[in-house]
Amino acid sequence: MENEPDTSEVKDRTGVIDVIAHDARANQVILVMNEPNEWDSSDDQLLALQERFNAYVSFVLDGEMAEAHPELAGKPARIELRCAHMPDTRALELLGLIHDQLAFQEIKLEVVVRNQEPTTKSE
């Protein structure tokens, strides 16, 4: 009972930016968006993903990032979607559209898939 995830927290992550970092080598601001859930092709999941991207882009373009992190102001931005599972067909189509729209704003999009298999080994 204590180990059951609180789905109310998982569902409404629209305004949450998971990680903000500076890639010194590329001199870019990296905004990381984690997606731990499996892709299910649902309209709700895709809408939530789109809303999260809108929040990330707004954070960069509306001056919130420069206000919160003045040392990062003016640097090019990259949004990194880190997935636990490979996006399904519908998610990939949406990500392609998002990628193209972000390019107009000079924001890069990178999708990183981490196939995390549960391990049963104990050390």
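The values are calculated or read from the model by the stated rules, or taken from the named source; none is laboratory data. Since the model is a prediction, treat every value here as computed from it, not as a measurement. Glycine gets a Cβ as well: all are built from the backbone with ideal geometry, and neighbour counts include every protein chain shown.
If the condition is being assigned to a helix (DSSP H, G or I) and farther than 17 Å from residue 19 by Cα, then the stretch 41-50 contributes 43, 44, 45, 46, 47, 48, 50. Across the stretch 106-119, not a single residue is classified as of a type in the set (Ser, Thr, Tyr) and touching a residue at least 12 places away in the same chain (Cβ under 8 Å).
Is it fair to say residue 80 is among the charged types (D, E, K, R) and at pLDDT 95 or above? Taking the combined requirement at face value, the residue satisfies it. In the stretch 76-99, the residue that is surrounded by the most Cβ atoms within 10 Å (Cβ to Cβ) out of those that are under 26 Å from residue 26 (Cα atoms) and basic (Lys, Arg) is 78. Hey, does the stretch 64-75 have a residue that's within 14 Å of the chain's Cα centre (by Cα) and either exposed (fewer than 13 other Cβ atoms within 10 Å of the Cβ) or in contact (Cβ under 8 Å) with a residue 12 or more places away in the chain (or both)? Scanning the stretch 64-75 turns up no residue that is within 14 Å of the chain's Cα centre (by Cα) and either exposed (fewer than 13 other Cβ atoms within 10 Å of the Cβ) or in contact (Cβ under 8 Å) with a residue 12 or more places away in the chain (or both).
Pairs are defined by a Cβ separation below 7 Å, a sequence spacing of at least 6 or placement on different chains, a first member in the stretch 1-30 that is over 28 Å from residue 46 (Cβ atoms), and a second member that is part of a loop (DSSP other than H, G, I, E, B) and modelled with pLDDT of 65 or more; the pairs so defined are 27/75.
In the stretch 14-35 there is no residue matching the filter, namely being surrounded by fewer than 11 Cβ atoms within 10 Å (Cβ to Cβ) and assigned to a helix (DSSP H, G or I). Any residue at all in the stretch 62-73 that's of a type in the set (Gly, Ala, Ser), more than 15 Å from residue 18 (Cβ to Cβ) and out of contact with any Leu (no Cβ under 9 Å at 6 or more places or on another chain)? Yes, there is a match, as at least one residue in the stretch 62-73 is of a type in the set (Gly, Ala, Ser), more than 15 Å from residue 18 (Cβ to Cβ) and out of contact with any Leu (no Cβ under 9 Å at 6 or more places or on another chain). For residue 111, the test of being modelled with pLDDT of 95 or more and either among the β-branched types (Val, Ile, Thr) or loosely packed, with under 13 Cβ neighbours inside 10 Å (or both) is passed. Just checking, does the stretch 101-108 include any residue being in contact with a Lys or Arg (Cβ under 9 Å, 6 or more places away or on another chain), surrounded by fewer than 17 Cβ atoms within 10 Å (Cβ to Cβ) and at pLDDT 95 or above? Yes, because at least one residue in the stretch 101-108 is in contact with a Lys or Arg (Cβ under 9 Å, 6 or more places away or on another chain), surrounded by fewer than 17 Cβ atoms within 10 Å (Cβ to Cβ) and at pLDDT 95 or above.
Of all residues in the stretch 54-94, those that are assigned to a helix (DSSP H, G or I), of a type in the set (A, V, I, L, M) and touching a strand residue (DSSP E or B) at 6+ places or on another chain (Cβ under 6 Å) total 2.
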